[in-house]
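The values are calculated or read from the model by the stated rules, or taken from the named source; none is laboratory data. Just so it is clear, the structure is predicted and the values come from calculations on it, not from any experiment. Positions of Cβ are backbone-derived with ideal geometry, glycine not excepted, and every protein chain shown enters the neighbour counts. Note: areas computed on protein heavy atoms with side chains; ligands, DNA, RNA excluded. Shrake-Rupley method; radii C 1.70, N 1.55, O 1.52, S 1.80 Å.
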Amino acid sequence: MQLDTRRFGIIDVEDDDAFAVPNGIPGFPAMRRVALFGAGPAAGQGPDDEQALFWLQDLDDGELAFLCVVPWIAFPEYDIDIDEHSLGINDTLDVRILGLITVRDDEDGEHMTVNLRAPLVVDTAKRRLQQVILTDSRWPIRAPFAALAGAEVA
């Protein structure tokens, strides 16, 4: 399938590369099919480190894409408990956890934050993605991730 996207231009996405989003994402209920694309390492990572940043591209709306991060890269103390059974997960080895990144502009410049309270749970075996809302108040919705001193977010 070909998709005309705002960020990446025209991209080819194989059906096997799509993830179902059965419940949508809060605020984006129409987002039901997505693809994940590697976006490179996070700041401080070496070239041989595991991929840390990803783009989550809506496959039905080329305008809609989110930058995500593997949370343990920036927040090594991050510790969550998810109910694999209620999410339909058969094997935890098939799970990837991602945090949505938001870019905010204020008087001090642009800053990125990560939503640690509502991670994305990606089941790579079943090709399914769900956002879960954690009740643990230790994890903020806007955890400071990085300041972008004059940098442009691609």
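Structural descriptor for the chain: relative contact order 18 percent, calculated from alpha carbon pairs under 8 angstrom and at least 6 residues apart.
Within a Cβ distance under 14 Å of Thr113, other residues only, what is the Lys/Arg minus Asp/Glu net charge? Each step should come with its number before you reach the end.
Values: positive: Arg104, Arg117, Arg142; negative: Asp105, Asp106, Asp108, Glu110.
That works out to -1.
Across the options Leu59, Val70, Ile133, the greatest Cα extent toward the positive end of the charge dipole of the chain (unit charges at beta carbon of Lys, Arg, Asp, Glu) belongs to Ile133. Cβ-Cβ distance of Leu134 and Asp4, R₀ of 22 Å, FRET efficiency by 1/(1 + (r/R0)^6): the value works out to about 0.05.
Normalised by 2.2 N^0.38 Å, with N the number of residues, the alpha-carbon radius of gyration of the chain equals 1.04. Charged side chains reduced to their Cβ positions (Lys and Arg at +1, Asp and Glu at -1) give region 1-118 a dipole of some 240 debye around its Cα centre.
Ordered from highest to lowest accessible area with the whole protein assembly present and a 1.4 Å probe, Leu100, Leu129 read as Leu100, Leu129. For the chain, leaving out every one of the trypsin sites (Lys or Arg not before Pro) that falls in a DSSP loop and has at most 12 other Cβ atoms within 10 Å, the longest unbroken run is 7-137. Couplings 3J(HN,Hα) of region 72-82, computed from phi: 5, 5, 9, 10, x, 7, 4, 9, 10, 10, 10 Hz, in residue order, whole Hz [Karplus 6.51 cos²θ - 1.76 cosθ + 1.60, θ = phi - 60°; x for Gly and Pro]. Per-residue 3J(HN,Hα) values for region 18-23, derived from phi via the Karplus relation 6.51 cos²θ - 1.76 cosθ + 1.60 with θ = phi - 60°, read 7, 10, 7, 10, x, 10 Hz in sequence order (x marks Gly and Pro). Placing R0 at 25 angstrom, the Cβ-Cβ distance between Glu63 and Asp17 gives a FRET efficiency of 0.80 after rounding to 0.05.
Ile73 contributes about 70 Å² of solvent-accessible surface, heavy atoms of the protein only, 1.4 Å probe.
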